[in-house]
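Worksheet: one structure, shown below.
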Amino acid sequence: MNDMKDVELNELDPEKQPMTGDGQTVSGEKNGSIKVKVPEEEVAFTGLSKEELMKVAGTPGWVRTRWVLLILFWLGWVGMLAGAIAIIVKAPRCKPIPDMNWWNEGPLYQIADAEAFADGLAGVEKKLDNINQLKVKGLVLGPFHTVQADQRNTLNLKEIDPTRGSEEDLLAVLDKAHKKGVSVVLDLTPNYLGASPWFSSSDLNDVMDSVQAAAEHWFGLGVDGIKIPDLGTVAKSVDLSRLMAVVKGNDTEDDAKKKMLMGVTEGVSAVELSPLLNTSGADLVLSDLLGAKLGGAERIHALDTLHSQQRGVAWGLGATQREQLSKRATSRALIRLYQLLLFTVPGTPVFSYGDEIGLKMEGEKFPKMIWDLEKDAKADGAAVNETTEAEREEYVAVRKWFKSLSDLRGKERSLLHGEYYPLQSSASSLAFLRLWDQSERFVTAVNWGEASETLQLKLVPTDGVELPTSATVKLSTDPEMEAESTVDLDKITLGPGQGVLLQFPYRG
């Protein structure tokens, strides 16, 4: 009975039968075996032969394909070339940069009294790192030659007053200054201790001979320029042409170190100064026009008259008299305002030492320069005089403002050598526009009056020059105008003694 059940189960579940049984299949193969035919010899693909390739390449289909690809390549190349030419032609052309000399590239820094500045010429050499931080391009040193007041026979323009330094000290200053890219000008005002700079009109020719000989001497030692007073008087003499021959005869092939003659004028109007710039031969003329007690209309008139000759004009407030800016700026706000004005007018700004911090004059004496301003007395934990500390902090703030303006003028072409357009003037305010080609544009607006004033800026219609409706505040002394804020240009309200520098982009 059990045997019958086993047979039935085997018949019902044939799939459970082992695949590896010894029984033969119908075809005679063992169960589970696979027959694979292996080719006796593997055939390797060798590609087409040269003759076969040449035969295929010469067929009409491939010839047409090659010509189509070649034509498409050259059409694409010609199209890209035409596009590049169109971009170049349509793009606005850059205006050529005008010829610039080293005295046009940054402010000049006068040190009339080396003893008050840094204990003599040796001290000047030690302070050159501090001076270089102001981005000045030239030092105007002296006068420090030997002479007694109003005594013509004591004049020696080739000898340095031993109380102010020595020739070796000056050579050290020259060497270090030149390594820093700073040029050096000597003030050769003959009678700088007396009443008249040239002693008297009868002495002029003889004194000019001495100046000429001294210029030859100092140029030979590496000095980059000389400064003489009362250019209007000297220009009437033939001796000035001989002095100019000495200056130009000492020029080198390096234009960056071209020798320079700097003249000074006082009490000369803008209309009188303009022809003097062309006829005197002086490379740079320092004027007191902005420092005189003039209103905004007179100052704008001076800028209108002389802006086209800006590479020969230098501006200062007190610099013509070798005095500090603070003598004319009666407040810290005005010091900042006049720094802003000098750095943005068309021409070279000239400052006296200490102007960068608003150093106050001590009567008629040259003030002692103040150093180590960055040292915070509060950090030492010692007792601090609050008034003294506040004054130190103000010096630091004014110096920071000065450095910002100097750095901006050196980088922005519109301020460095750009065109000038008057926008507004009144008895106590003025505004003007500076621009160059496709560079950023700048508007200077200042109010030195004792009351707030609203300036309405208007530009005389000029081809290609327009004022936008608004501009961005770049620098400002007015707390109501924060940097990077936007100001409407139709009306700008400035507080008393405040100034602002606005910026807007070129739009082609």
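Readers should treat all values here as calculations from the given coordinates under stated rules, not as data from a laboratory. None of the values given here were measured: they were computed from a predicted structure. Every residue, glycine as well, gets a Cβ built from its backbone with ideal geometry; the counts of neighbours run over all protein chains shown.
With Rg and the Kirkwood Rh both taken from Cα atoms, where does Rg over Rh land for segment 86-224? Walk me through the numbers before you get to the answer.
On the way: Rg = 19.3 Å, Rh = 16.8 Å.
Using only Cα positions, Rg/Rh for segment 86-224 is 1.15.
Using equal-weight Cα scatterers in the Debye expression, the normalised intensity of the chain in log10 at q = 0.06, 0.07 Å⁻¹ is -0.41, -0.50.
Using a cut-off of 31 Å between Cα atoms, the listed pairs LYS158/LYS258; LYS95/LYS403; LYS135/LYS293; LYS126/LYS236; LYS137/LYS365; LYS95/LYS227 include LYS126/LYS236; LYS95/LYS227 as exceeding that distance. Placing unit charges on the Cβ atoms of the charged side chains and taking the dipole of the chain about its Cα centre, the candidate lying farthest along the positive direction among VAL487, LEU325, LEU273 is LEU273. Extending 7 Å from Cα along the Cβ direction at GLU167 and again at TRP62 yields two label points whose distance is 9.0 nm. For the peptides 430-437, 330-337, 367-374, 449-456, residues were scored by their other Cβ atoms within 10 Å and the scores averaged per peptide; the highest-first order is 430-437, 330-337, 449-456, 367-374.
Taking every DSSP beta bridge that has both residues in the chain, what percent is antiparallel when rounded to the nearest 5?
Numbers: 35 of 62 bridges.
Just about 55 percent of them are antiparallel.
At an R0 of 35 angstrom, the distance between the Cβ atoms of VAL460 and ILE97 translates into a FRET efficiency of 0.85. Determine the shape class of segment 420-504: with a ≥ b ≥ c the square roots of the Cα gyration tensor eigenvalues, call it rounded for a/c under 1.5, and otherwise prolate if a/b is greater than b/c, oblate otherwise. Verdict is oblate for segment 420-504. Would you work out which of TRP103, LEU261, VAL136 lies farthest towards the positive end of the dipole of the chain? Charges go on Cβ: Lys and Arg +1, Asp and Glu -1. Going by the Cα projections, it comes out as LEU261.
Ranked from highest to lowest mean number of other Cβ atoms within 10 Å per residue, what is the order of the peptides 493-505, 230-242?
Numbers: 493-505: 21.1, 230-242: 16.2.
With the highest mean Cβ count within 10 Å placed first, the list reads 493-505, 230-242.
Between the Cα long axis of helix 270-279 and the first principal axis of the chain there is an angle of about 80°, rounded to the nearest 10. From helices alone, the chain scores -10500 deg cm²/dmol at 222 nm; the rule is -39500 (n - 2.57) for each run of n ≥ 4 DSSP H residues, then divide by the residue total.
For segment 209-297, the Kirkwood radius over C-alpha pairs fed into Stokes-Einstein at 10 °C and 1.306 mPa s yields D = 114 µm² per second. In a fully extended conformation the segment linking GLU272 and ASP206 would gain 21.1 nm over its present Cα-Cα distance, using 0.36 nm per residue.
Using only side-chain charges placed at the Cβ, +1 for Lys and Arg and -1 for Asp and Glu, the dipole size of the chain relative to its Cα centre rounds to 1520 debye.
What's the extension gain from GLU394 to GLN321 if we count 0.36 nm per residue and subtract their Cα-Cα distance?
Working: separation 73, 0.36 × 73 = 26.28 nm, distance 2.55 nm.
Net length gain for the segment: 23.7 nm.
Taken along the Cα-to-beta-carbon direction at a fixed 7 Å, the label points for ASN385 and THR330 span 2.6 nm.
With a Förster radius of 51 Å applied to the C-beta separation of LYS55 and GLN438, the computed FRET efficiency comes to 0.25.
Stretching the chain fully between LYS375 and ILE87 yields a gain of 98.1 nm (0.36 nm per residue, less the alpha carbon separation).
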